[in-house]
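One structure is given below, encoded as structure tokens.
The values are calculated or read from the model by the stated rules, or taken from the named source; none is laboratory data. Just so it is clear, the structure is predicted and the values come from calculations on it, not from any experiment. Here the Cβ positions follow ideal geometry from the backbone for every residue, glycine too, while neighbour counts run over all protein chains shown. Ligands, DNA and RNA are stripped out before the accessible areas are found, and what is left, the full protein with its side chains, is counted by its heavy atoms. Shrake-Rupley method; radii C 1.70, N 1.55, O 1.52, S 1.80 Å.
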Amino acid sequence: PEETVTGSFASFIHAVRPEHLSKTVRHRSKRMILDSIGVGLVGSTTHVFDIALQYCRLYSSVAVSSVYGKPGVRLSPTLAAFTNGVATHSMDFDDTWHPATHPSGAVLPALLAASQMLPPSTKPNGMDFLLAFNVGLEVQGRLMHFSTEAHNIPKRFHPPSVVGTMGSAAATAKLLSLSLAQCAHALGIAASLAGAPMANAATQAKPLHIGNATRLGFEAALLAARGMEANPLILDDIPGCSGFSAFYSIYQPRPLPTPSDHHEFLLEKQDIAFKRFPAHLGMHWVVDAALSVRNLFINYAGSFSPSLIRTIVLKIPVSKYINRPFPSSEHQARHSFQFNACTALLDGEVGLSSFAESSIHRQELRELLDKVVVEHPEDNIANFDKMYGEVALLLHSGDVLTGKCDTFYGHWRKPLSKESLLEKFRSNASHVLPEEKIETIITMVDNLENLPDSSQL
């Protein structure tokens, strides 16, 4: 079995050790953990989170695991993972990798819930937790490199619902110290629980994709631990019988090397994008482009005066589900190039309040949206590593002002500074936690390697 692709993944999950985590990987993954907790905390204030929590509280017979933003509330471990996963993606505020997926939200809630589930004598320490988290990231990253399709903005299924489920299974299998065979079965079981269509993007159902990924991967590991078996070749390319290849028309799996003295994690080579405001990642290009041209407009006219604008031209990649001329809900607005560009032009920023009902339906915003024309240049590829956003203002005077962004602040090529990441976390967490607890979490994550009991997190 070790000679198969699936066997190589199981061997990696079983054999990888804390010493294989480089300083860079530990640093980057702790930034991800901190950001994801903050996003989950602010996400616990949303309506879609409340719906998920009300549902999960119907099933609370073994209530041992915590829920973001709800002191005193406990759920069964898998439902806590589900609820916290929904919180993490409820505002589309969570981190994004390349090829495109949301890696942290699919893994972290399962590990937090599992840590609380385990009896005191077997609690994983902080380094065990950090290693399991990185196992979940690595499996997701490797699977996304099995197909060139994964490099572009998705059209058929939401990637974290597929690779995230597998990553959650791998991470939980590692945290629970499953055997080599059980690790392989956990991946096979998870593959049968994976997948969600892109048609549910920009709806309240989209956060369920992350909630289900982290929960169902967790459940796959628990089922494998109890003896359930699955196809031991689930990741391999078997002609005439699709396994994980069912999700991709182009599928070229490659073994995951068993770690020796040194293993270079993908996170070492490919950093993560952190969002500055709660919207689809593609929005960050057009917002930065819009802010740039807004500054030019103010220098030109002395203030931002929409009446001087005849047409707003957006040059964006082709991606149907985020090309929404007149969004009518917060979730549609988070997935609208037009809305985010015009909000940035009108307000000089995009933030939490930009997606409130009162902001979405402003008359002055609608008037700007009416002026938008979309163009799709051939060189603007629907790929988070290659795309750009361009916003041009065609004025009644005949003048044209243009702003362009090919790398927004927070992209992996232009990472958030430590100060910016901490500012985001403190702002998000402050919606539900007092200052002293916020600072405790920051210190705890920063020193995660030395935490004796990861359930304290």
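Of note:
- Computed over the range 123-182: relative contact order in percent, which uses C-alpha pairs under 8 Å that are six or more apart: 51
- Cross-link pairs K275/K404; K414/K437; K174/K424; K123/K206; K30/K123 - those with Cα-Cα distance over 25 Å: K414/K437; K174/K424; K123/K206
- The chain: angle of helix 206-225 to the longest principal axis, Cα-based, in degrees nearest 10: 10
- Per residue accessible area of the chain, 1.4 Å probe, in Å²: 39
- Note: relative contact order over the range 270-429, using C-alpha pairs below 8 Å and six or more positions apart, is 36 percent.
- Neighbours of S245 by Cβ distance under 12 Å: Lys/Arg scored +1, Asp/Glu scored -1, total -3.
- The largest accessible area among T407, T83, T148 belongs to the first residue in T148, T407, T83, and the rest follow in falling order (1.4 Å probe, all chains).
- Set of the range 145-166 residues, backbone N closer than 13 Å to the point 7 Å along the Cα-Cβ line of H376: 153, 155
- For L223, the accessible surface of its heavy atoms amounts to roughly 70 Å² (probe 1.4 Å, protein chains only, rounded to the nearest 10).
- Directionally averaged shadow of the chain, computed from the convex hull of its alpha-carbon atoms, nm²: 21.6
- Computed on protein heavy atoms with a 1.4 Å probe, the accessible areas place R276, R254 in the order R254, R276, largest first.
- Sparsely packed loop sites in the range 1-79 (the GluC sites (Glu not before Pro) outside DSSP H, G, I, E and B with at most 11 other Cβ atoms within 10 Å) comprise E3.
- Calculated P(r) of the range 106-233 - Cα pairs past 21 Å, %: 37
- Estimated at the nearest 10 Å², the accessible area of L401 is 30 Å² with a 1.4 Å probe.
- Taking the 1.4 Å solvent-accessible surface of the chain as the whole, the part contributed by carbon and sulfur is 51%.
- Only one residue of N428, A170, I316 has its Cα farthest out toward the positive end of the dipole of the chain, where Lys and Arg carry +1 and Asp and Glu -1 on Cβ, and that residue is N428.
- Rounded to two decimals, the Cα radius of gyration of the range 192-283 over 2.2 N^0.38 Å is 1.39.
- For the chain, the antiparallel share of DSSP beta bridges with both residues in that region comes to about 80%.
- Both radii were evaluated on the Cα set of the range 281-405; the Rg over Rh quotient, with Rh as the Kirkwood radius, amounts to 0.94.
- Alpha carbon centroid spacing (whole Å) that separates the range 400-426 from the range 339-390: 17
- Exposure check, 1.4 Å probe, all protein chains in place: E268 carries approximately 50 Å² of accessible surface.
- Size of the range 310-365 from its Cα atoms: along the principal axes, largest to smallest, the extents are 29, 26, 18 Å.
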